[in-house]
Each structure stands twice: as C-alpha cells, then as structure tokens.
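One structure is given below, encoded as structure tokens.
The values are calculated or read from the model by the stated rules, or taken from the named source; none is laboratory data. These numbers come from a predicted model, not from an experiment. Here the Cβ positions follow ideal geometry from the backbone for every residue, glycine too, while neighbour counts run over all protein chains shown. Accessible surface areas use protein heavy atoms only, side chains included; no ligands, DNA or RNA. Shrake-Rupley method; radii C 1.70, N 1.55, O 1.52, S 1.80 Å.
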Amino acid sequence: MSRDEALKELSRIAHEGAFGGYFASGTLIQIGLDALLAGVESESLAMLAGLGRNEELEAPDLFERVLNELGLEVEAPADARATRWALAYWLAGQMVEGSLDPAVGAFRIWRDVAVDFDYPDALQPLIVCAHALDDWDENWDVSVEKLKNDAVEAAAHFLSRQPPVEHD
C-alpha cells in the first residue's frame, strides 16, 4: 500500500464513520498499522498501530486524533436528513472517481438514503441502476459492465445537479 492509498483509506473510514458506519477497534488498529507502514506520519499513528488486545478500547479515540492530526476529520451535518443527503453525494462521488464499485455505491444509495426518503426523484436513476445490478443475470442481453457504466453516469448526473431543497 502506498502512502496516498493509506491516506485515501483513512479518509474513507473517516467519511464512513461520520455517516454512521462502525469499525471495530481491531480494524482501526490494522488501518493504523497499514498507514504507518506506508509512510504516513502522525504523532498518534504509532500509538494507534501499537495498541495491544488489552488496549483496544483506546483505538476509537486515537483514531480520531490521527484523523485530526492529518486534517482528515469529517463532520456530518447536524440534521439527520442533511447527513443522508451528504452520504448520497459522497457515495456518488466515490463511484464517479472510481474508488467505489458502482454496484455497491448504487445499492448503498438505494438502501441507506432513498428508502429513508421514500425514493425521491433526484435518486430515481440511481435506484433503477441499483435494481438492475441487483437483479442482473448472465442470460441478460446487457453486460454487467454496461449496467455499472450506467450507474456511474447516473451518479455523475446526480452530482451535477444542485442539492435537493428540503421542505418541512
């Protein structure tokens, strides 16, 4: 793993955590060790990477310190709806940039955002892609690669639009 890849993984975990994802202490310690071995430098990183089994409870706080030291901390909006929309935009961005498999991204937007919002129009193209990718069968006349490309195009279109206006 290169230093840039390690920083990207730290950023991904920071985003996932900000949007409600959970990572076990052992996972955080391993990510810290991988980053340290890849040449990432941070005052708290060596402490995180060196935690033993009986010190795992310290991992989440140390991981947050590492993110802070590296300028990678992510704050989700205080409003739950805004947080879900931010998740959708982040996932779509990951799909377009190529760091998230389009099938996984479309499915997560469907499951983690669209369902909560009763399938808003802004997400319909991504929902359609998620359904197609989820149902795809090798006997179909369309390749899974084409469906994934469609999902990336839908994500790019979603990103190009203004954020949805929230109405109470």
Does Leu87 count as in contact with a Leu (Cβ under 7 Å, 6 or more places away or on another chain) and either of a type outside the set (Asp, Glu) or surrounded by fewer than 17 Cβ atoms within 10 Å (Cβ to Cβ) (or both)? no
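Quick check: is even one residue across region 72-80 surrounded by 14 or more Cβ atoms within 10 Å (Cβ to Cβ), assigned to a helix (DSSP H, G or I) and at pLDDT 90 or above? If you could, list the steps in order and put the result at the bottom.
Applying the first criterion (surrounded by 14 or more Cβ atoms within 10 Å (Cβ to Cβ)) to region 72-80 yields 72-74, 76.
Pick out the ones that are also assigned to a helix (DSSP H, G or I) and you get none.
No, every residue in region 72-80 fails to be surrounded by 14 or more Cβ atoms within 10 Å (Cβ to Cβ), assigned to a helix (DSSP H, G or I) and at pLDDT 90 or above.
Would you be able to say whether some residue in region 118-125 is assigned to a helix (DSSP H, G or I) and in contact with a Leu (Cβ under 7 Å, 6 or more places away or on another chain)? So that I can check it myself, show each step before the final result.
Taking region 118-125 and keeping what is assigned to a helix (DSSP H, G or I), we get 121-125.
Pick out the ones that are also in contact with a Leu (Cβ under 7 Å, 6 or more places away or on another chain) and you get none.
Looking for residues that are assigned to a helix (DSSP H, G or I) and in contact with a Leu (Cβ under 7 Å, 6 or more places away or on another chain), one finds none in region 118-125, hence no.
For region 32-56, what are the residues that are without any contact (Cβ under 8 Å) to a residue 24 or more places away in the chain, part of a helix (DSSP H, G or I) and surrounded by 13 or more Cβ atoms within 10 Å (Cβ to Cβ)?
Once the filter is applied, which keeps residues that are without any contact (Cβ under 8 Å) to a residue 24 or more places away in the chain, part of a helix (DSSP H, G or I) and surrounded by 13 or more Cβ atoms within 10 Å (Cβ to Cβ), region 32-56 yields Leu33, Leu36, Ala46, Met47, Leu48, Ala49, Glu55.
Has region 5-15 got at least one residue that is open to solvent by 20 Å² or more (accessible area, probe 1.4 Å), among the polar types (S, T, N, Q) and under 30 Å from Asp134 (Cβ atoms)? Talk me through it step by step, then tell me what you get.
Step one: of region 5-15, the residues open to solvent by 20 Å² or more (accessible area, probe 1.4 Å) are 5, 7-9, 11-12, 15.
Narrowing further to those that are among the polar types (S, T, N, Q): 11.
So of that shortlist, the ones also under 30 Å from Asp134 (Cβ atoms) come out as 11.
Scanning region 5-15, I find at least one residue that is open to solvent by 20 Å² or more (accessible area, probe 1.4 Å), among the polar types (S, T, N, Q) and under 30 Å from Asp134 (Cβ atoms), so the answer is yes.
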